[in-house]
1. Inspect all residues belonging to the stretch B:105-114 and state whether any of them is small (Gly, Ala, Ser) and closer than 19 Å to B:Ile218 by Cα.
2. Name the pairs: first residue in the stretch B:227-249 and among the small types (Gly, Ala, Ser), second residue part of a loop (DSSP other than H, G, I, E, B), Cβ to Cβ under 6 Å, at least 6 apart or on different chains?
3. Can you tell me which of (1) in contact with a Gly (Cβ under 8 Å, 6 or more places away or on another chain); (2) outside any helix (DSSP H, G or I); (3) away from every other protein chain (no Cβ under 14 Å) is the one B:Gly103 doesn't meet?
4. Looking at B:Phe82, B:Phe33 in this structure, which one is surrounded by fewer than 16 Cβ atoms within 10 Å (Cβ to Cβ) and either under 30 Å from B:Gly188 (Cα atoms) or without any contact (Cβ under 8 Å) to a residue 24 or more places away in the chain (or both)?
5. Find the residue count for the stretch A:75-91, including only residues that are exposed (fewer than 15 other Cβ atoms within 10 Å of the Cβ) and of a type outside the set (Phe, Trp, Tyr).
6. So which residues in the stretch A:272-286 are facing chain B (nearest Cβ under 9 Å) and within 24 Å of the chain's Cα centre (by Cα), if there are any at all?
7. Only residues that are of a type outside the set (S, T, N, Q), assigned to a helix (DSSP H, G or I) and within 8 Å of chain A (Cβ to nearest Cβ): list them for the stretch B:132-151, please.
8. I need the full set of residues from the stretch B:115-127 which are within 7 Å of another protein chain (Cβ to nearest Cβ) and modelled with pLDDT of 90 or more, in order please.
Amino acid sequence: MTKVKKIVTEQKTLVFLLLLVILMGIISPFFLTGDNIVNVLVQSSIYGIMACGMTFAIIGGDFDLSVGSTMALSGLVAILCEPYVGQVPAMLLALLTAAAVGLVNGFLVAKCRISSFIVTIGTSYIFKGIALKISNGDPIASSNPWFGRMGNDKILGIPYLVIIMVLLVLITHYVLTATRFGRNIYTIGGNMEVAHNSGIRTGFYKTSIFVLSAFTAGIAGILNASKLNTASAVQGDNAALSVITGVVIGGTSLIGGVGSIGKSMIGILIFSVITNALDLMGVFSYYQTGIRGLMLIVIIGMEAYARYRES
Amino acid sequence: MKTNAKKIIYRYSSLILLFLFILIASIFAENFFTARNLTNVVRQSCVLGLLTVGMSFVLICGHMDLSIGSIMTFTGLIAISFGTRMPAGAAIACALLAGILCGAVNGLIITLTHANSGESLMITFGTQLLFSAVSLLYTGGFSLSGSESDFYNALGTGSIGKWLPVPVLIYIIFAVLLWVLESKTSFGRQMHMIGFNPVCSHLSGVRTGLVKMVCYCISGFCAAAGAIILTSRTLGATPTAGVGYEMDAIVAAVLGGISLSGGLGSIAKAFVGVITLSVLSNAMNLFGFQSFDQSIVKGCVLIAAIAFDVWNRKQTV
């Protein structure tokens, strides 16, 4: 009994997700069908991919609010450059652009020592402006039929999107748990000064956190553009806060030093499952916004209170 | 002498930035430094100004309020829709009360759960979603057309004499009252203490929960006041009117020199930050910049200002 209690308190969010899935399985006969489960996974894939990079950032004790702009920018680069250089080089260019955005963020945070919250608000203005400029504010459709297939095709019934997400999650998990790089990021997030004094090159790690975050946002941007066969500068508008919400709900602390990609994915999945469930039940989208808000308040509030009780 | 100069530069860096912008704008845009345009600049800064002043109270406490944009949307809808059923004055009172209530909801949740700075960010993001859902449900997603009361419409569009717009007068009155509250009362001092060190101030007998709660109420109240001016000026309320205002308010506060980690800042700084942002966008409009370019310039200015501030602090300390 105590063992069960321990698991429940330690894995609150996982238990919550499972309860949600069971409850929905009972309420709606469509929920636990293969098609719908794949659907939920596809819905969570774009934010799931971004959550990989964001988890690095938040464990390292930083925010990245610019992922939405990065996502929009890289989607546009992948489509706009295609007629000139071909699809694969265009996608590589898009990833390179994203990495460059991350490098700018990283430089400003690590070398100029500005708070990441302000830096990434600033760069999100800048890169959204650039995205609007290169697209002239219009949505741009892809002219290459192969491009759109990437975000919509399936292999053995599993969409590429889901496969890419799972691969990225596994890589992130490996890097965070089994490499020196991952361990150092936990150290930096836990205590920057201690990390610095024990010889960790904090500048390098801070910069790479932002490069990773922007890079995954770039991948998400390309895939999102491919899924819709269109890129537009406003595609990532709500992405940053949604991804951060998912990561934080999963139990990765905003203070830094705590968390795992598994937890982040649980958070992202909770949101997709709820959206999917409310859609299946035919709940009006305005109510959905409200329910998402309430859930966020309850989960974060509970966590804050639990932390207060502990200390 | 040299250190003195440095100290002055550090102390007034945001004012210097403002003067720099005014100088550049006056040299390169011939119609910038005219009474008509300057009135325009101030008039345009009113709504954001009220929001930023309110947000500053929360920021000084070391917290964050992402919900002010949607509080503004919600209270704007209340003011306009109640205005059809009751006198304008009563509708305004209801809207202001609704703003305070929304702020109290934020404050209550954050106080009861003992949320820290990051958690308050997420919680107010949650209430942002909640309030915007309430606004959308309230009108079913439709916009409301403006008030028919002359008094109400004068609040946003009227002017006293030739050069004093009513919204500016309202903004200045609120800003001065809140500046007194922030800088001259024991409440203001307690607020700064909490932002500086919440544990210490709790141990020394400051009722931290109550102070934070009042700060969130002030933030909600200011959002409602901004909403009344906005709906009066634009002759209508839409359920998405306040989207994005919370980020602009944070940017303005930061440009004015308010620290996001709490304890540092004043209402005067918020005022300077808002005017700076307003001068910047007015100048860019006069130069004929497109909105894309304006966004890029705004981001660059924000980062440059903060980078300078951080560098400056390193030099002086």
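The values are calculated or read from the model by the stated rules, or taken from the named source; none is laboratory data. On a predicted model such as this, the values are computed, not experimentally measured, just so you know. Cβ coordinates were reconstructed from backbone atoms using ideal geometry, including for glycine residues, and neighbour counts include every protein chain displayed.
1. Here is the first cut: in the stretch B:105-114, the residues small (Gly, Ala, Ser) are B:107.
Applying the additional criterion that residues be closer than 19 Å to B:Ile218 by Cα yields B:107.
Scanning the stretch B:105-114, I find at least one residue that is small (Gly, Ala, Ser) and closer than 19 Å to B:Ile218 by Cα, so the answer is yes.
2. Matching pairs, first to second residue: B:Gly236/B:Ser143; B:Gly236/B:Gly146.
3. (2) is the only condition that B:Gly103 fails.
4. From the options B:Phe82, B:Phe33, the qualifying one is B:Phe33.
5. Narrowing the stretch A:75-91 to residues exposed (fewer than 15 other Cβ atoms within 10 Å of the Cβ): A:83-86, A:88-89.
Then drop every residue that is not of a type outside the set (Phe, Trp, Tyr), which leaves A:83, A:85-86, A:88-89.
Total meeting the criteria: 5.
6. Step one: filter the stretch A:272-286 for residues facing chain B (nearest Cβ under 9 Å), giving A:284-286.
Within the stretch A:272-286, A:Ser285, A:Tyr286 meet the criteria.
7. Narrowing the stretch B:132-151 to residues of a type outside the set (S, T, N, Q): B:133-134, B:136-138, B:140-142, B:144, B:146, B:148, B:150-151.
Then keep just the ones that are assigned to a helix (DSSP H, G or I); that gives B:133-134, B:136-138, B:150-151.
Hits for the stretch B:132-151 are B:Ala133, B:Val134, B:Leu136, B:Leu137.
8. B:Ile123, B:Phe125, B:Gly126, B:Thr127, listed by residue number.
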